[in-house]
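Asker: There's a structure below that I have some questions on.
The values are calculated or read from the model by the stated rules, or taken from the named source; none is laboratory data. Predicted, not measured: the structure shown is a model, and the values here were computed from it. Don't worry about glycine lacking a Cβ; one is built from the backbone with ideal geometry, like all the others, and counts go over all protein chains shown.
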Amino acid sequence: MKRSLLLLVFLSLLAISSICFAEEVEVSVAVNSSFVQDVFSHYLIDGQIYVAARVTAEAVGGVVTWKPETRELYIQYQEKLYRLQVGKTIAYGSILEAPPLETSSMGLPDIEKKNAATTQETTENNTQPSTEAATETTTEALQGAPSTDLTTNPLTEIPLIKAPFIKNGITYVPVQFIADSFGLESKWFERTFTLVLLKKDYEVPQALRYARPYTDVDLLWLARIIQAESPSGSLRKKMAVANVVLNRVESPRFPNAIRDVIFSPNQFPPTTRTAFLTLEPSLESMIAAKRALEGNNPIGACLFFNNRPFAGKKADFYEKIEGDFFYK
């Protein structure tokens, strides 16, 4: 009953998100107090959170094996074995009577094996869930796994909210499947696009921890300057403003912290107003800040922008975006 209630609350939060916006945005995922992330991010797409399957499952104690010829993902957690297939909205589960799976090298769908064996995954559409999954064969045993497979015990069908898909060589699954199948509680923080999975008395293996290079406070300050400088701008314009700040953080010409860059004297006029300190960013500004902090950059190495052309900086001009001139 408790798990069902938690899941209902979780799904309700996602439904609220889907009403507010439909932009694709990167999501931070933590298990207890440790962030976990693959080479590519987790995502919120049309109100549903998708996580990188391998790193997330292994971060909570699962073992993952990929079967490239049928594009099937096998996840073992404790005594249970689950099978998911790209493009299919039904997963299967079974109780194991054999020794646990050992991590197999037979075709990781994730980036670790991308150079060695691209498989069918990289031919998929890189932005949309795949709908061309291989024909499902419930009687086919997993190569390299114990002799006991999903056919030796009764199968349980598990409906999925959305089908697994592949993006940039990474297999993604709805986070609801991980949380529900592994018996995890979850907390969704919409303002910072952060999902926390809770597992009692557990620590994420050190090798799977992700040292996120920014804090929630950094995200808020960045969103505030975006809101102040481009309150009605498009997502691209807002991200351009954000990346000017982030480029300055990396430049020896400016301070090396987001807040310090924003409050540098004579740089961003809105910061001189008292109201800026408590400015509440719009959802779009928070999305732009999150996406910029996760590496999305539409303006390259630009360090400046202005609503009028800079005299003497013609050679450094990069692009005019919705009335503002951006310069390197």
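So that you can scan it fast, the table gives a plain yes or no per residue for (1) closer than 21 Å to Lys162 by Cα; (2) surrounded by fewer than 22 Cβ atoms within 10 Å (Cβ to Cβ); (3) among the charged types (D, E, K, R):
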residue: Phe35; (1), (2), (3): no, yes, no
residue: Leu44; (1), (2), (3): yes, no, no
residue: Ala52; (1), (2), (3): yes, no, no
residue: Ala59; (1), (2), (3): no, no, no
residue: Thr70; (1), (2), (3): yes, yes, no
residue: Gln78; (1), (2), (3): no, yes, no
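Asker: Among the residues of segment 148-167, is there at least one that is closer than 23 Å to Val31 by Cα, at pLDDT below 90 and of a type in the set (A, V, I, L, M, F, W, C)?
Answerer: no
Asker: Right, something else. Return a yes/no flag: does segment 243-265 have any residue that is crowded, with 18+ Cβ neighbours inside 10 Å and among the hydroxyl-bearing types (Ser, Thr, Tyr).
Answerer: no
Asker: If I ask for residues that are in contact with a strand residue (DSSP E or B) (Cβ under 7 Å, 6 or more places away or on another chain) and either among the charged types (D, E, K, R) or assigned to a loop (DSSP other than H, G, I, E, B) (or both), which ones from segment 309-328 would you list? Working first, answer last.
Answerer: The initial filter retains those residues of segment 309-328 that are in contact with a strand residue (DSSP E or B) (Cβ under 7 Å, 6 or more places away or on another chain), namely 309-310, 313, 316-319, 324-328.
Across segment 309-328, the qualifying residues are Pro309, Phe310, Lys313, Asp316, Glu319, Asp324, Lys328.
Asker: So which residues in segment 1-54 are in a strand (DSSP E or B), farther than 17 Å from Gln176 by Cα and either modelled with pLDDT under 50 or of a type in the set (A, V, I, L, M, F, W, C) (or both)?
Answerer: Listed by number, the residues that qualify are Val25, Phe35.
Asker: Now a separate question. Which condition from (1) under 28 Å from Gly47 (Cβ atoms); (2) more than 22 Å from the chain's Cα centre (by Cα); (3) among the hydroxyl-bearing types (Ser, Thr, Tyr) is the one that Thr271 breaks?
Answerer: For Thr271, the exception is condition (1).
Asker: Condition first: farther than 16 Å from Ala57 by Cα, part of a loop (DSSP other than H, G, I, E, B) and touching a helix residue (DSSP H, G or I) at 6+ places or on another chain (Cβ under 7 Å). Now tell me which residues in segment 187-207 satisfy that. Working first, answer last.
Answerer: Within segment 187-207, the subset farther than 16 Å from Ala57 by Cα is 187-194, 201.
From what's left, part of a loop (DSSP other than H, G, I, E, B): 193, 201.
Matches in segment 187-207: Phe193 only.
Asker: Take the residues in segment 289-312 that are more than 19 Å from Gly233 (Cα to Cα) and of a type in the set (A, V, I, L, M, F, W, C), then tell me which one is farthest from the chain's Cα centre (by Cα).
Answerer: Filtering first and then ranking leaves Ala311.
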